[in-house]
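Here the structure comes first, spelled out in structure tokens, and everything after it is commentary.
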Amino acid sequence: MVRKTVTVGQLLLDFPYDSIGLQSISLNDAVEVLANQGSSDSRGAVFTRLEVVEFILNLAGYTENQPLYEKRLLEPSFGGGQFLLPIIKRLFVAWRKTQRTRPVLEALGDAIRAVELHHKTFDTTRSAVIEWLICEEELSTKTALALADQWLIQGDFLLTPLEDQFDFVVGNPPYVRQEMIPSPLLAEYRRRYKTLYDRADLYIPFIERSLSLLTQGGCLGLICADRWMKNRYGGPLRNLVSEQFHLKIYVDMVDTSAFQSDVMTYPAITIISRESPGPTRIARRPKLDPLTLAKLSDTLCLQPFQKNILVRELAKVPNGTEPWLLESIDQTSLIRRLEQEFPSLEAVGCKVGIGVATGADRAFIGNFDALDVEDDRKLPLVMTKDIRSGEVVWGGQGVINPFSDGGGLVQLQDYPRLRHYLEARREVIAQRHCAQKAPDNWYRTIDRINPRLAQQPKLLIPDIKGEAHIVFEEGKLYPHHNLYYVTSNEWELRALQAVMLSAISQLFVATYSIRMRGGSLRFQAQYLRRIRIPMWSQVPPMLRAELAEAALKLDVKRCNRAVFKLYGLSIEEQSVLGGNGE
């Protein structure tokens, strides 16, 4: 088992720092508070199966047949030591194969550096390392203590000085949201790490620093969340890899039970080396038994590459800030052609948006007829459950609209029923973060509500689905925040629905979206905007009718046939998408 250790942010989960002003204390004090706080549960301890650790070490090249005693390895967040102990075992096996003429402390003292922030975790793992060295490697207590103290560092990896560079960096970096990081630490991280961009999670600067510490030819081997490979906030880190490193190996670990407990992140293994860029070897969701993983690691590392059903090789996966395209060569080639020949969805007059987030649905949302407010202060609301059949079957819900037509909040004294309704629920509404930031506007929804959207015909798209689920709504309902929508003053929406239901749109979303557990895709705005489509004026009248009729019947095969004509796909390109729809 490998413990995924977090630093900084998740230590705050059981520590009420807002109540004592931790956000405004000094940098050193903030780090020290974090280093002493937090239970293992609140820190999000996650255990990874041991065979996955061995797999990563093999892929990184940290193997017993190498002179590991001449190399240097870094573990940035060692936690309970389940990465660390297999590393130590391999180091000693490699060392004992030599004549061992030098004293062990002199020979191996520089071979490992491992960092951990949390004091209690550090002490527990340090004791385990010392016990291992004494009991398993038969070192004296004095030597074991000296070796552990030379190897292990208590501190924040992102701030701790580290001498020289490393041939290997391996481990499982922390997964911590920015809002969980105290302000002085976040400011210092931003000053030091250029990849901490937008809403990037803490593992992003961990990867940046890990890469910066590699020797020429050195190798980084990590298992961590795959979001940065395609999301907006991962752009600067992807650019860094593209310009200065080689993405050697990518292994999709989603739905592989890599961890002993369920996690909300969707992991991947990446092997990145400091050398000239080259092709990337890709494997997906391997069976997690030691024999299978050992064979797969051999295949992934084999020189020269031999094509087989388990591993494929793609060129130019890192491409500046662009999301990594990790699909087949044929699919990637098709995507690239369509991107060169056709404009984006929004460039042809379509708008992509998301429904309203209120921050307190139980206060703002209810049975439309039972919402006791003025008639112009509520809107009928369409929710994900209302479109499950592929058509809209309104469930009768409504949403409170506290905004005037001009965009500002209405004055509650002008709406006595609305005021009474909101005041009765003030405790729930006012405790939201947005209300606490602007107490005078305590009754606003997080997103501004524009009643004109309810009156517009639109296509509704659930956030998470295994395949495209595109539903036409004629212009009577306002979408809930679990629904994305597309409107257009150019494209006829029924014809557009056929395009959105087709394998073309599925290809774009599958290529750019991160995968969820169970293989579902995220049909978010950032991915929908990637879809390329011709101008409506360029679509022949007969094809317009064919598209609209296919969508009206919700016949995906007919949608595909019409859409393949729309894009002028060759027989080979159609086969990439599963054929011609027959």
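What the table below lists for this structure:
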item: Segment 267-291, residues that are basic (Lys, Arg) and surrounded by 21 or more Cβ atoms within 10 Å (Cβ to Cβ); result: Arg281
item: Residues being modelled with pLDDT under 95 and among the small types (Gly, Ala, Ser) - total across segment 259-275; result: 2
item: Residue list for segment 85-122, filter: part of a loop (DSSP other than H, G, I, E, B) and of a type in the set (Val, Ile, Thr); result: Thr98, Thr101
item: Some residue of segment 57-65 being in a helix (DSSP H, G or I) and open to solvent by 20 Å² or more (accessible area, probe 1.4 Å); result: yes
item: Cross-chain or 6+ apart pairs with Cβ under 7 Å, segment 303-318 first and without any contact (Cβ under 8 Å) to a residue 24 or more places away in the chain, then surrounded by 10 or more Cβ atoms within 10 Å (Cβ to Cβ); result: Asn308/Thr299
item: Filtered residues of segment 550-568 (kept if free of Cβ contacts under 8 Å to residues at least 12 places away in the same chain and either part of a helix (DSSP H, G or I) or at negative phi (or both)); result: Lys553, Asp555
item: Every residue from segment 440-494 that is within 24 Å of Ala562 (Cα to Cα), among the polar types (S, T, N, Q) and in contact with a Pro (Cβ under 8 Å, 6 or more places away or on another chain); result: Thr487
item: Matching residues, segment 83-106, being open to solvent by 10 Å² or more (accessible area, probe 1.4 Å), within 24 Å of Lys248 (Cβ to Cβ) and of a type outside the set (D, E, K, R); result: Pro86
item: Given (1) of a type in the set (Val, Ile, Thr); (2) over 22 Å from Gly278 (Cβ atoms); (3) assigned to a helix (DSSP H, G or I); (4) open to solvent by less than 10 Å² (accessible area, probe 1.4 Å), number of the condition Val241 does not satisfy; result: (2)
item: Matching entry among Thr143, Thr160, Thr215 (being surrounded by fewer than 22 Cβ atoms within 10 Å (Cβ to Cβ) and assigned to a loop (DSSP other than H, G, I, E, B)); result: Thr160
item: Test set (1) open to solvent by 20 Å² or more (accessible area, probe 1.4 Å); (2) among the small types (Gly, Ala, Ser); (3) modelled with pLDDT under 90 - Ala294 fails condition number; result: (3)
item: Where Ser488 falls short, out of the listed (1) open to solvent by 20 Å² or more (accessible area, probe 1.4 Å); (2) within 19 Å of Ala370 (Cβ to Cβ); (3) touching a strand residue (DSSP E or B) at 6+ places or on another chain (Cβ under 6 Å); result: (2)
item: Residue, most open to solvent (accessible area, probe 1.4 Å), within segment 557-580, restricted to residues that are over 13 Å from Met500 (Cα atoms) and among the hydrophobic types (A, V, I, L, M, F, W, C); result: Ile571
item: Looking only at segment 492-544, and only at residues there that are part of a loop (DSSP other than H, G, I, E, B) and at pLDDT below 90, the one that is nearest to the chain's Cα centre (by Cα); result: Ile514
item: Sole residue being over 31 Å from the mean Cα position of the chain (by Cα), open to solvent by 30 Å² or more (accessible area, probe 1.4 Å), more than 19 Å from Tyr485 (Cβ to Cβ) and in contact (Cβ under 8 Å) with a residue 60 or more places away in the chain, chosen from Arg417, Arg425; result: Arg425
item: Qualifying positions in segment 110-141 - charged (D, E, K, R), within 26 Å of Gln165 (Cα to Cα) and under 33 Å from the mean Cα position of the chain (by Cα); result: Arg113, Glu116, Asp123, Arg126
item: Condition check for Gln154: modelled with pLDDT of 95 or more, over 16 Å from Ile88 (Cα atoms) and touching a strand residue (DSSP E or B) at 6+ places or on another chain (Cβ under 9 Å); result: yes
item: Considering residues of segment 107-136 that are of a type in the set (D, E, K, R) and touching a helix residue (DSSP H, G or I) at 6+ places or on another chain (Cβ under 7 Å) only, the residue surrounded by the most Cβ atoms within 10 Å (Cβ to Cβ); result: Glu116
item: Yes/no for Arg96 being out of contact with any strand residue (DSSP E or B) (no Cβ under 8 Å at 6 or more places or on another chain), on the phi > 0 side of the Ramachandran plot and charged (D, E, K, R); result: no
item: Residue match in segment 430-441 (condition: part of a strand (DSSP E or B) and either polar (S, T, N, Q) or closer than 30 Å to Ala495 by Cβ (or both)); result: no
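The values are calculated or read from the model by the stated rules, or taken from the named source; none is laboratory data. What you see is a predicted model; the values in this text were computed from it and never measured. Because the Cβ atoms are built from the backbone with ideal geometry, glycine has one as well, and the counts that use them run over all protein chains shown. For the accessible areas, the whole protein counts, side chains as well, though only heavy atoms, and no ligand, DNA or RNA atoms are used. Shrake-Rupley method; radii C 1.70, N 1.55, O 1.52, S 1.80 Å.
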